[in-house]
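Take a look at the structure set out below.
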Amino acid sequence: MQLTRFTDLGLRVLMYLTYHDRDGYVTISEIADQFAVPHNHLIKVVNKLGKLGWIYAVRGRNGGLKLVSEPSQLKLGRILRELEGSTQLIDCETPVCALNAGCRLKAALDVGLEAFYTAMDTYTLADIVATPTGDKIIQMHRQYINLHLA
């Protein structure tokens with residue numbers, strides 16, 4: 001199983017926004033610069049994160065993004081489920097598989113996928129931004145501020 005680029009970017013945005021010791025909002029342009037990703041891709045991700053209620057987005061010159069939810073309240077499995085948007089690894093119906101009526105593969109994959117999400121739910125956003133990741137995020141914020149806002 002491989003996560004989509006959309007989910008990868010969503011996780012990066014959420015992780016980057018966990019840093020609270022900063023005045024103002026974080027811009028999409030800043031995140032795009034920090035992770036070397038296209039601005040347009042991030043707009044779609046940020047819209048989804050906002051609709052899910054995990055981030056707050058303010059438009060305009062002094063606008064940007066902030067994390068709404070406490071990192072300790074966001075379970076990694078839930079984040080992955082919402083961003084991936086898929087509840088199955090394979091689709092036996094489109095096109096209809098010749099083995100459909102007598103195959104046990106889909107059931108086995110469904111059990112494995114649920115086990116993956118259950119295991120990911122034992123972690124929170126706070127867990128994945130603990131040291132050393134959190135230290136790197138702080139360093140990234142400080143470096144950006146020094147280069148662009150000083």
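The values are calculated or read from the model by the stated rules, or taken from the named source; none is laboratory data. This one's a predicted model, so the numbers in the text were calculated from it and none came from an experiment. Cβ: placed from backbone, ideal geometry, glycine included. Neighbour counts: every protein chain shown.
Could you list, in sequence order, all residues of region 20-52 that are among the aromatic types (Phe, Trp, Tyr) and modelled with pLDDT under 95?
Result: Tyr25, single match.
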Checked Ile90, Ile55 against criteria (among the hydrophobic types (A, V, I, L, M, F, W, C) and at pLDDT below 90); the one match is Ile90
Only one of Leu113, Leu109, Leu105, Leu80 is surrounded by 12 or more Cβ atoms within 10 Å (Cβ to Cβ), under 14 Å from the mean Cα position of the chain (by Cα) and at pLDDT 90 or above, namely Leu80
Note to self: Going residue by residue through region 62-72, is there one that turns out to be part of a helix (DSSP H, G or I) and among the charged types (D, E, K, R)?
What the structure shows: no
Within region 91-121, residues out of contact with any Lys or Arg (no Cβ under 8 Å at 6 or more places or on another chain) and either outside any helix (DSSP H, G or I) or among the aromatic types (Phe, Trp, Tyr) (or both) come out as Asp91, Glu93, Thr94, Pro95, Val96, Cys97, Ala98, Leu99, Cys103, Arg104, Phe116
Residue set Thr118, Thr122, Thr87, Thr94; condition exposed (fewer than 12 other Cβ atoms within 10 Å of the Cβ), more than 14 Å from the chain's Cα centre (by Cα) and under 24 Å from Ile137 (Cα atoms); output residue Thr122
Note on Gly50: of the conditions (1) surrounded by fewer than 16 Cβ atoms within 10 Å (Cβ to Cβ); (2) touching a residue at least 24 places away in the same chain (Cβ under 8 Å); (3) touching a Phe, Trp or Tyr at 6+ places or on another chain (Cβ under 8 Å), unmet is (2)
When restricted to Thr7, Thr18, the only residue surrounded by 15 or more Cβ atoms within 10 Å (Cβ to Cβ), in a loop (DSSP other than H, G, I, E, B), touching a Leu at 6+ places or on another chain (Cβ under 7 Å) and not hydrophobic (A, V, I, L, M, F, W, C) is Thr18
Within region 117-135, restricting to residues that are in contact (Cβ under 8 Å) with a residue 24 or more places away in the chain and hydrophobic (A, V, I, L, M, F, W, C), the one that is farthest from Met15 (Cα to Cα) is Ala119
